[in-house]
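Below: one structure, written as C-alpha cells.
Coordinate-derived values only; no laboratory data. Please read these numbers as outputs of a predicted model, since none were measured by experiment. When we count neighbours, we look across all protein chains shown, and the Cβ atoms used for this are built from the backbone with ideal geometry, even at glycine.
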Amino acid sequence: MKIVVIGGTGLIGSKLVEQLKAQGHEAVPAAPNTGVNTLTGEGLSEVLQGAPVVVDVSNSPSWADDAVMEFFRTSTTNLLKAEAEAGATHHVALSVVGTDRLQESGYFRAKQAQENLIKESGMPYSIVHATQFFEFMKGIADLATEGDTVRLSPAGIQPILSDDVAAAVGRTAVGAPVDAVVEIAGPEAFPLDELIRRTLAARNDPRTVVTDPQARYSGAPLEENTLLPGPGAHLAETRYTDWLAQQS
Ligand SMILES: NC(=O)c1ccc[n+]([C@@H]2O[C@H](COP(=O)([O-])OP(=O)(O)OC[C@H]3O[C@@H](n4cnc5c(N)ncnc54)[C@H](OP(=O)(O)O)[C@@H]3O)[C@@H](O)[C@H]2O)c1
C-alpha cells in the first residue's frame, strides 16, 4: 500500500518510513527537502496521488507561539484539502498525551488546533497521542534551564522510545481509521524532576535540577497526571533506564 509520510525525514518519520518499507509498503517520505512543503502546498497533490493513507509526523521549525500556530493551522488545512482531492481514505496524525490539559502552552494550543481541524474535516482519521520521546529528555532540561539550574516539577512523566512510537504509528496507519484518539506510552512513569536528574547525571552534565511544583512545562502548569496516559493506553516495552545506560 502507498503510504505518504509527511515529515518523513524527521526523528519519527524516518524510522516510520523504514519500518513500513520493511513490511513491504510503498512508504514515501514527504518534507521540504524531498520537494513537498505543506505550508506552501509545493509538491503536495503530486505526492498524494494513489495513496489511501497519509501520516502526518511533521513538526514546526519554530516553537514560538504564533509561528507554531501558523504552522499547524496552515499545513493541516492544506494537507486535508489535498488529501480529499486525491481520494485518500485515512489521515493519521501524531500528537501528544495531555494536549487538552496543556492549553496554557502556545505549542499545545497549536497541536489542539491541528487535532480539531482533523476531527472537523470529514476525513476518516486516527490521532495517536504519544508521551514524550526518550530523545526529548535533554530538550526538556534545556527548556527549563536558567544558568546552571534546571527547575522542574515532580509531576509524573512516562516517556517512550522513538522506535516504539514509529512502530505504533505504523500499526495505526495500516489499520482501519478509528476516528478517535489512541494513546501510547513507555512502560514506566517517573517524577519529571527525578528523571531529568538521572538523565543529566548519566550524561555527566553538571547542571543542578531543583524541584519546584510550580515550574511550568512548555508554559503550562503541571498536575500529577497532566503528562501521563490514561488506563487504556498501549504501553511499549523499552525501558528508559535500559536505553539511558546504553547511551552513556
Ligand atoms: N518530542 C516529543 O517528545 C513528542 C511527543 C509526542 C508527540 N510529538 C509529536 O511528534 C511529531 C514529530 O516529531 P519529531 O520529533 O519526529 O519531529 P522532527 O524530527 O522535528 O521532524 C519534523 C519533520 O517535519 C518536516 N517539516 C517541517 N516543515 C515542513 C513543511 N513545511 N512541510 C512538510 N514537512 C515539514 C521536517 O522536514 P525537514 O527536516 O526537511 O525540515 C521533518 O521531516 C510532532 O508533531 C510532535 O508534536 C513529539
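Couple of notes before you dig in:
- Segments 204-212, 145-153, 90-98, 178-186 sorted - mean Cβ within 10 Å per residue, highest first: 90-98, 178-186, 145-153, 204-212
- Per residue, the convex hull spanned by the alpha carbons of the stretch 148-248 comes to 111 Å³.
- On Cα atoms only, tilt of 192-202 relative to the major axis of the chain in degrees: 80 degrees
- Reachable aspartates and glutamates, given that their alpha-carbon falls under 19 Å from the alpha-carbon of K119 and they are not under 8 places away in the same chain: D56, E70, E83, E85, D100, D179, E183
- Rotationally averaged projected area of the chain (alpha carbon convex hull; nm²): 12.8 nm²
- Charge dipole (the chain, unit charges on Cβ, about Cα centre) - positive-most of M69, T149, A167: A167
- Shape call, the stretch 70-200: gyration tensor on alpha carbons, a/c limit 1.5: prolate
- Ellipticity at 222 nm from helices only: DSSP H runs of n ≥ 4 in the chain, each -39500 (n - 2.57), divided by the residue count, give -11500 deg cm²/dmol.
- C-alpha long axis of helix 65-86 to longest principal axis of the chain, angle in °: 30 degrees
- Alpha-carbon centroids, the stretch 153-224 and the stretch 7-43: separation in whole Å: 24 Å
- Alpha-carbon gyration tensor eigenvalues x 5, square-rooted, for the stretch 22-73, Å: 24, 13, 10
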